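I have placed the structure first, in the form of structure tokens, so that the comments after it can refer back to it.
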Amino acid sequence: MFIQLSAEIYKQMEVLFNAGFPNEECALLLGTPLINQSFHIHSLVPAKNIASDPLHHFELDPATWVHHLMTSPDLVGLFHTHPSSAPLPSATDLHALQSYGELIQIYLIAGFTLDSNTMELKAYEVTKQDRGFGLRPATLRMT
């Protein structure tokens with residue numbers, strides 16, 4: 001699977017990443033399917049992080065989440081930030097995924113690169129597994 005996004009969407013992710021620091025930020029991804037179960041992301045919809053500990057995890061604002069579940073047929077995934085670590089799924093991320101994995105196909109995480117203070121973006125495909133949902137690395141293509 002590959003996930004295609006524009007430089008403009010990437011820039012919006014960077015702005016959200018930096019504006020929320022040191023807290024985790026989150027957003028919905030709207031997109032269109034391409035061939036081979038791949039997607040083009042055309043919109044980023046920021047959502048308030050209502051987690052009790054936003055420094056270490058995120059929880060989407062239910063009003064935003066439910067509104068887009070009901071009104072956005074192009075809802076394809078989630079984006080969130082790891083402002084103090086690499087963009088790899090945490091145990092908390094994987095646990096939370098069990099609640100909504102059936103509703104999305106894409107999961108993007110932004111974190112810091114290991115050698116600098118710049119944002120690194122990683123893409124994952126949501127997969128159905130024997131005991132719930134998991135994440136498999138996907139390829140990002142910038143347009």
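The values are calculated or read from the model by the stated rules, or taken from the named source; none is laboratory data. Bear in mind the structure is a predicted one, so any value in this text is a computation, not a measurement. With ideal geometry, Cβ positions are generated from the backbone for all residues, glycine too; neighbour counts draw on all protein chains shown. With ligands, DNA and RNA removed, areas are computed over all heavy atoms of the protein, side chains included. Shrake-Rupley method; radii C 1.70, N 1.55, O 1.52, S 1.80 Å.
The number of residues in the range 101-132 being of a type in the set (S, T, N, Q), in a strand (DSSP E or B) and at pLDDT below 95 comes to 1.
Is it the case that D93 is more than 20 Å from E125 (Cα to Cα) and either open to solvent by less than 80 Å² (accessible area, probe 1.4 Å) or not in a loop (DSSP other than H, G, I, E, B) (or both)? No: the conditions fail for D93. Looking at (1) modelled with pLDDT of 95 or more; (2) crowded, with 17+ Cβ neighbours inside 10 Å, which is the only condition V66 fails? It fails just one condition, (2). Answer yes or no as to whether K11 is more than 21 Å from L140 (Cα to Cα) and basic (K, R). It is false that K11 is more than 21 Å from L140 (Cα to Cα) and basic (K, R).
Among the residues of the range 133-143, those that are part of a strand (DSSP E or B) and either at pLDDT below 95 or open to solvent by 90 Å² or more (accessible area, probe 1.4 Å) (or both) comprise R136, P137, R141, M142. Can you tell me which residue within the range 73-86, out of those that are modelled with pLDDT of 95 or more and in contact with a Gly (Cβ under 9 Å, 6 or more places away or on another chain), is nearest to Y10 (Cα to Cα)? Ranking the qualifying residues of the range 73-86, first place goes to T81.
Of everything in the range 108-119 that is free of Cβ contacts under 8 Å to residues at least 60 places away in the same chain and touching a strand residue (DSSP E or B) at 6+ places or on another chain (Cβ under 6 Å), the residue that is farthest from M1 (Cα to Cα) is T113.
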